[in-house]
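The values are calculated or read from the model by the stated rules, or taken from the named source; none is laboratory data. On a predicted model such as this, the values are computed, not experimentally measured, just so you know. In this analysis, Cβ positions are derived from the backbone assuming ideal geometry, glycine residues included, and neighbour counts consider all displayed protein chains. Ligands, DNA and RNA are excluded from the accessible area calculation, which covers all protein heavy atoms including side chains. Shrake-Rupley method; radii C 1.70, N 1.55, O 1.52, S 1.80 Å.
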Amino acid sequence: MESSSENKAHSPNEGRTLVVMAKAPRPGAVKTRLASSLSPAAVTDFYCCLLDDTLALARSLDDVEVAIMCPASDVNELARLAGNQASVVAQKGEGLAAGLTSVFAHFAEGRRTNAPQRRIIAFNSDSPHLPRSVLEDAFETLAAHDVVVGPTHDGGYYLVGAKASHPTLFAGDGMGTSSALERLLSRARALELSVGFAAPFYDIDVADDLTRLAEELRLAPARAPRTAAWLKEWDSTVH
């Protein structure tokens, strides 16, 4: 006999997982392109603010499981930083491509046979400036496609989602380069996967990105309160 929990109707949002791709905030390991503009301590402080606000953004969605995927060496530190905001999972292998492959291998497998198909979206830990509607829309797009991608203005992507594990989708070539999105789309075509798109956004990589983000959050600090406070202090020292 089926239990009552197995018998009840599934929520249309059930099976949604948001995974934040993160690293422990160690000098030289995070936001390395900001090193020419900020001290090592400032970079790691800033990254902690970005991660905290990104986790808060993820948790603001209803009916979503929130997790962090990170290198195995970073699990304990990120679990301490995340507290009860997210589960922390160690990736298999090294680098971002291995991390993304691990996301879908881990979360797309092991579903109950009667469960609705899981929709899994991985996105960057420096994404507190994303409107919540972008993530909601990405889940909606993924319902109708095999893969969803959020492009960045520099040829990469800040978000990628799928409903199943596709181990060859994130081959190690081109990650973090201006051809990363193009290569991902090429592999998706080769796998005959349908692709939908989320709205384009920018990454937080260089000093100009800090200025742009500071201007946005000055108008709406509640969107990312820790990051807004950090940027307000930074802005006052450079102008």
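What longest region of the chain stays clear of trypsin sites (Lys or Arg not before Pro) that DSSP places outside H, G, I, E and B and that have at most 14 other Cβ atoms within 10 Å?
Counting at most 14 other Cβ atoms within 10 Å as exposed, the longest clean stretch of the chain is 113-239.
Can you pull the one-decimal nm distance between simple spin-label points at Arg132 and Ala79, each 7 Å off the Cα toward Cβ?
Between Arg132 and Ala79, the simple spin-label model gives 2.9 nm.
May I ask you to derive the FRET efficiency for Asp235 and Ser178 from their Cβ-Cβ distance with R0 = 30 Å, giving the value to the nearest 0.05?
Result of the calculation: an efficiency of 0.60.
Take every DSSP beta bridge with both residues inside the stretch 116-234 and express the antiparallel ones as a percent of the total, to the nearest 5.
Within the stretch 116-234, antiparallel bridges account for around 70 percent of the total.
How big is the antiparallel share of DSSP beta bridges in the chain, given as a percent to the nearest 5? Write down the numbers at each step before the final one.
On the way: 9 of 29 bridges.
Around 30 percent of the beta bridges assigned by DSSP in the chain are antiparallel ones.
If you roll a 1.4 angstrom probe over the protein chains with everything in place, what fraction of the accessible area of the chain belongs to carbon and sulfur, to the nearest %?
Summing carbon and sulfur atoms, their accessible area is 51 percent of the total for the chain.
What number comes out for accessible area per residue over the stretch 146-238 if the probe is 1.4 Å? Units Å², please.
Heavy-atom SASA per residue in the stretch 146-238 reads 49 Å².
How high is the relative contact order of the chain, in percent, with contacts defined as C-alpha pairs under 8 Å that are six or more residues apart?
Normalised by residue count, the contact order of the chain is 21 percent.
Distance from the Cα centre of the stretch 210-239 to that of the stretch 67-98, in angstrom?
For the stretch 210-239 versus the stretch 67-98, the Cα centre distance is 27 Å.
Just to be sure I follow the definition: excluding the sites themselves, where is the longest run in the chain that has none of the GluC sites (Glu not before Pro) in a DSSP loop with at most 16 other Cβ atoms within 10 Å?
After excluding every exposed loop site, the longest remaining stretch is 110-191.
Please report, in whole Å, how far the alpha carbons of the chain spread along each principal axis, starting with the longest.
Cα extents, longest axis first: 66, 40, 34 Å.
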